[in-house]
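Asks: Quick one: the structure is below, and I'll ask about it shortly.
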There are 2 protein chains.
Amino acid sequence: MTVAARRTIPAERYRDRLAGVVAAAAAARLDALLISVGSDLRYLTGYEAMPLERLTLLVILPGEAPRIVVPRLERAAAEAGIRTSLEIVTWEETDDPHALATSGIPAHGRVAVSDTMLAMHLLAIQQALGADVRYSLASAVLRDLRMIKDADEIALLREAAHAADRVIAAIAAGRLVGRTEADVAAEVRARLIDEGHETAQFAIVASGPNSASPHHEASERVIGAGEPIVLDIGGTLAGYGSDVTRTLWVTGGDATNGPDEQFRHLFAVLHTAQAAATTAVRPGMSCESIDTTARAIIDAEGYGEAFFHRTGHGIGLEGHEEPYLVAGNSLPLRTGMAFSVEPGIYLQGTYGARIEDIVVCGDDGPIVLNEAPRELVVVDG
Amino acid sequence: MTVAARRTIPAERYRDRLAGVVAAAAAARLDALLISVGSDLRYLTGYEAMPLERLTLLVILPGEAPRIVVPRLERAAAEAGIRTSLEIVTWEETDDPHALATSGIPAHGRVAVSDTMLAMHLLAIQQALGADVRYSLASAVLRDLRMIKDADEIALLREAAHAADRVIAAIAAGRLVGRTEADVAAEVRARLIDEGHETAQFAIVASGPNSASPHHEASERVIGAGEPIVLDIGGTLAGYGSDVTRTLWVTGGDATNGPDEQFRHLFAVLHTAQAAATTAVRPGMSCESIDTTARAIIDAEGYGEAFFHRTGHGIGLEGHEEPYLVAGNSLPLRTGMAFSVEPGIYLQGTYGARIEDIVVCGDDGPIVLNEAPRELVVVDG
């Protein structure tokens, strides 16, 4: 088992991030910014609290030092996990933590909450604060900070990408024909963990006609010779996401079982579109323009209807986060943004293909983190 | 690698569950029950959608057949994943899915939402429905169904428990002294996956003084000879949670490094308390009485202040769910409820211990799913 050296973000970075979000909350004239367990909390404090039903909440009020409310049994974990200076307030198992956490917020206030706060907490906070408070999502003040990855974050994304690339290579080199998708997916998950991921969040193994379903769940279907397999795999390594897609074709060792003409054409179009979209990445280009670049090429070859999802999503401490490369998003790319570029072409009932890399917007153009070959990989399987 | 046979809940069970929740929503006079991605959706339909930012929502309105709103790119996955009869409504990448999902809900309605619905969706739904709708948590109507596990669910919980037990045994038999907690935690995660878990959600490895922190995050601390290690590990197998805690003591091969008198006493009290709480489980006993049983024994030995969390939590498709074994919860236990029994004693700055099993309330008493020995395991390490 390979255990990656444990990399960390320097402690002073959390101080700077917290100061940045306090300033952003003040600029947005928020009366409270409430950050629940999840990637926002980890981003701002380093604390990886478990997403459980007991309330843990970072409370940022104007003119006050930020404080974090945690269950008493989590105090030691919070002290160990929080990597910046922060007052810790604890509650006992039979206390009302939502009342405790929201004290001091005005009855007509404007309150922003983490996008991933659970309804059980949001409804309890709404109950505690009364009907006159207006709510918004914390991403409005956090996105400008979180979208721009610094060098340490990019290094972690690269490490995660390379680990996932190695899993793709191992799966492509192994036996596939005669195994179920679910069995291959289990191997993917085990290999991601062996490669240092702490979680293996998804392992799409979509064979034959299933490859036409973008988010196919690995099933009991037995992989046959003479068909494509879309592998879309990922998880987190030191908190940062991996997410890579490659399309294989398995022949079962019989060269007459190679890809047919239609698939070769479809794949060539896809490969061109994915490369063009990647090449288009540079500061100032809009998110939607990257989507348009891929889509125009696929449309021109008559596959427009067969590419029915956006071209990509941001990635960092969340597997999907801003920016989204989708029609209607005029946000300009900036140096340090990290996202997937992943067009796909899906012929329902027949087969499909997708190619996905994680790309960082560099000063002069794209920095592609994945290194696994993007060409159609034809293997015996 | 051991890949467990893929077990499933029979399809007709989903039909019955969905019918049960439709009836419960009607009895509660709800104008809408909105079930987002997560364990509620999986429980009712079998569909394991990924918890992403795109809206997937099961919509149950009075007098109408339930329908599920999904992103178009998820249609095939939804068709494959949903194991009962259900209308699927799709939305395109640039549509407003929250408006689509909430059409037909009255402006003064009573709406229940999944406890784990994300704020990004709940706030958008609140925006779409206006200020006069009243919200509540779906658990109010789902808990009576979900708390009672049927024989298939108990079989899956048992399979998960035994897999986790084997990981505990393997870790206890291996080298520990001289390794970091984080390194051992990585091995725990890899072994859980190898044992057929699809996720390894937590791997608490709390050594020496860290064992006094109930939710310690495995750190770079190097495990030494002559100290305890609390292992609290788990994840999901076929969707159902494992969660087991055992306390080891590592001597480094030197018998003079065995547990001291205080630790032996502390552990003996804990062992007695955990066994007594387990033995007290039977239909009709209140949840809080199980907590009281453990607490009374620990209190009587002077460790009351050192046991500062509830005795247990329900488990099923969520790692923590109802019922909670906590002071103030007068809910009577019923046959088929499944929960942890996990008292702990923590001496801050010194050390601590915890023992945890998953227990099912049987007709005549407790059915303990975990089989790993509960005694203090003294090993060379």
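We did not get these values from a lab; they are worked out from the coordinates using the rules stated. Keep in mind that what you see is a predicted model, and the values were worked out from it rather than measured. Every residue, glycine among them, receives a Cβ derived from its backbone with ideal geometry; neighbour counts consider all protein chains shown.
Asks: From zero up to wherever the largest Cα-Cα distance of the stretch A:51-176 sits, split into 5 Å bins and tell me the percent of pairs in each.
Replies: Pair shares across the bins are 2, 8, 14, 16, 17, 13, 9, 7, 6, 4, 3, 1, 0.
Asks: Can you grab the distance from the C-alpha centre of the stretch A:129-186 to the C-alpha centre of the stretch A:213-269, Å, no decimals?
Replies: 19 Å
Asks: Please identify every one of the GluC sites (Glu not before Pro) in the stretch B:32-141 that sits in a loop by DSSP and has no more than 14 other beta carbons within 10 Å of its own beta carbon.
Replies: The qualifying sites are B:GLU64, B:GLU92.
Asks: State to the nearest 20 debye the size of the charge dipole of the protein assembly as shown about its Cα centre, where the only charges are +1 on K and R beta carbons and -1 on D and E beta carbons. Don't skip to the end; give the middle numbers.
Replies: Values: 64 positive and 104 negative charges, 106 e Å.
The calculated dipole for the protein assembly as shown is roughly 520 debye.
Asks: Given a Förster distance of 35 angstrom, what is the FRET efficiency for A:ALA107 paired with B:LEU331, based on the Cβ-Cβ distance and rounded to 0.05?
Replies: Working: r = 34 Å, r/R0 = 0.96.
Computed FRET efficiency for A:ALA107 and B:LEU331: 0.55.
Asks: Oh, and also: Quick one: if the Förster radius is 60 Å, what FRET efficiency do B:ALA300 and B:ARG29 give, using the C-beta to C-beta distance and rounding to 0.05?
Replies: Working: r = 48 Å, r/R0 = 0.79.
Computed FRET efficiency for B:ALA300 and B:ARG29 comes out at 0.80.
Asks: Tell me, what ³J(HN,Hα) does each residue in the stretch B:15-29 have, in order and in whole Hz, if you take phi through Karplus 6.51 cos²θ - 1.76 cosθ + 1.60 with θ = phi - 60° and put x for Gly and Pro?
Replies: Once rounded to whole Hz, the list reads 4, 5, 5, 5, 4, x, 6, 4, 5, 5, 5, 5, 4, 7, 6.
Asks: Another one. What are the distances, in nm and sorted shortest first, from the label point of B:GLY258 to the label points of the same position in each other copy, with each label point placed 7 Å from Cα along the Cα-to-Cβ direction?
Replies: Result, one decimal in nm: 7.1.
Asks: Compute the distance in nm between two label points, each set 7 Å from the Cα along the Cα-to-Cβ direction, one at B:THR8 and one at A:GLU220.
Replies: In this crude spin-label approximation the distance works out to 0.6 nm.
Asks: Need one number: nm distance between label points at A:ASP260 and A:MET50, each 7 Å from Cα along Cα→Cβ, rounded to one decimal.
Replies: A separation of 5.1 nm, rounded to one decimal place.
Asks: For Cα pairs less than 8 Å apart in space and 6+ apart in sequence, what is the mean separation divided by the residue count of the stretch A:1-131, i.e. the relative contact order in percent? Mind dumping the intermediate values first?
Replies: Numbers: 185 pairs, mean separation 34.1, N = 131.
For the stretch A:1-131, the relative contact order is 26 percent.
Asks: Roughly what % antiparallel, to the nearest 5, for the DSSP beta bridges in the protein assembly as shown?
Replies: Here the antiparallel bridges make up roughly 75 percent for the protein assembly as shown.
Asks: Taking +1 at the Cβ of each Lys and Arg and -1 at the Cβ of each Asp and Glu, which of A:GLY344, A:VAL269, A:THR279 sits farthest along the dipole of the stretch A:241-381 towards its positive end, judged by Cα position relative to the Cα centre?
Replies: After comparing all options, I get A:THR279.
Asks: For chain A, what is the largest minus smallest coordinate of the Cα atoms on each principal axis, given in angstrom and ordered from greatest to least?
Replies: That works out to 72, 42, 37 Å along the principal axes.
Asks: Is it possible to state the helix-based mean residue ellipticity at 222 nm for the protein assembly as shown, with each DSSP H run of 4+ residues giving -39500 (n - 2.57), the sum divided by total residues, to the nearest 500 deg cm²/dmol? What is it?
Replies: One gets -10500 deg cm²/dmol as the mean residue ellipticity at 222 nm.
Asks: Moving on to the next point. For the stretch A:19-108, give me the percentage of DSSP beta bridges that are antiparallel, rounded to the nearest 5 percent. Can you show the working numbers first?
Replies: Values: 7 of 12 bridges.
Roughly 60 percent of the DSSP beta bridges within the stretch A:19-108 come out antiparallel.
Asks: Viscosity 0.890 mPa s, temperature 25 °C: give me the Stokes-Einstein translational D for the protein assembly as shown in µm²/s, with Rh taken as the Kirkwood radius over C-alpha pairs.
Replies: Working: Rh = 27.0 Å.
For the chosen part, D equals 91 µm²/s.
Asks: Could I have the simple spin-label model distance between B:ASP95 and A:THR94, label points 7 Å from Cα toward Cβ, reported in nm to one decimal?
Replies: Distance between label points: 5.0 nm.
Asks: Same structure, new question: Can you work out ³J(HN,Hα) from phi for every residue in the stretch A:140-156, in order, using Karplus 6.51 cos²θ - 1.76 cosθ + 1.60 and θ = phi - 60°, giving whole Hz and x for Gly and Pro?
Replies: These are the phi-based 3J(HN,Hα) values: 4, 9, 8, 4, 5, 6, 6, 5, 8, 7, 8, 4, 5, 5, 5, 4, 5 Hz.
Asks: Right, another one. I'd like the FRET efficiency for A:LEU145 and A:THR279, computed as 1/(1 + (r/R0)^6) with the beta carbon distance as r and R0 of 22 Å, rounded to 0.05. Write down the numbers at each step before the final one.
Replies: Working: r = 28 Å, r/R0 = 1.27.
It comes out at approximately 0.20.
Asks: I would also like to ask the following. Quick one: Cα centre-to-centre distance for the stretch B:274-351 and the stretch A:327-360, in angstrom?
Replies: Result: 48 Å between the Cα centres.
Asks: Same structure, new question: Give the nm distances, rounded to one decimal, from B:ASP152 to the matching residue in every other copy, measuring between label points 7 Å along Cα toward the beta carbon; shortest first.
Replies: Label-point distances to the other copies, shortest first: 4.8 nm.
Asks: Moving to a separate point now. For A:SER286, go 7 angstrom from Cα along the Cα-to-Cβ vector, then report the distances to that same point in the other copies in nm, smallest first.
Replies: Spelled out, the distances from A:SER286's label point are 6.2 nm.
Asks: Summing Lys, Arg as +1 and Asp, Glu as -1, what charge do residues with Cβ under 12 Å from the Cβ of B:ALA190 carry, B:ALA190 excluded?
Replies: Result for the neighbourhood of B:ALA190: -3.
Asks: While we're looking at this one, here's another question. Are there any trypsin sites (Lys or Arg not before Pro) in the stretch B:167-272 that are in a DSSP loop and have at most 15 other Cβ atoms within 10 Å? List them by number. Write down the numbers at each step before the final one.
Replies: Values: sites: B:ARG175, B:ARG179, B:ARG189, B:ARG191, B:ARG221, B:ARG246, B:ARG264; in loops: B:ARG175, B:ARG179, B:ARG221.
Answer by residue number: B:ARG175.
Asks: Here is a further query. Step by step: find N for the stretch A:246-363, compute 2.2 N^0.38 Å, then divide the Cα radius of gyration by it. What's the final number? All intermediate terms of the calculation are to be shown ahead of the outcome.
Replies: Values: Rg = 15.3 Å, N = 118, 2.2 N^0.38 = 13.5 Å.
Normalised Rg, Cα atoms only: 1.13.
Asks: Next question, about the same structure. Net charge around B:PRO259, counting only other residues with Cβ within less than 12 Å of its Cβ (Lys, Arg = +1; Asp, Glu = -1)? Working shown, then result.
Replies: Values: positive: B:ARG264; negative: B:GLU227, B:ASP260, B:GLU261, B:GLU375.
Overall, the nearby charge balance is -3.
Asks: Could I get the Rg over Rh figure for the stretch B:225-291? Both from C-alpha atoms, Rh via Kirkwood, rounded to two places. Provide the component values of the computation, followed by the final result.
Replies: Working: Rg = 16.3 Å, Rh = 14.7 Å.
Reported Rg/Rh, Kirkwood definition of Rh: 1.11.
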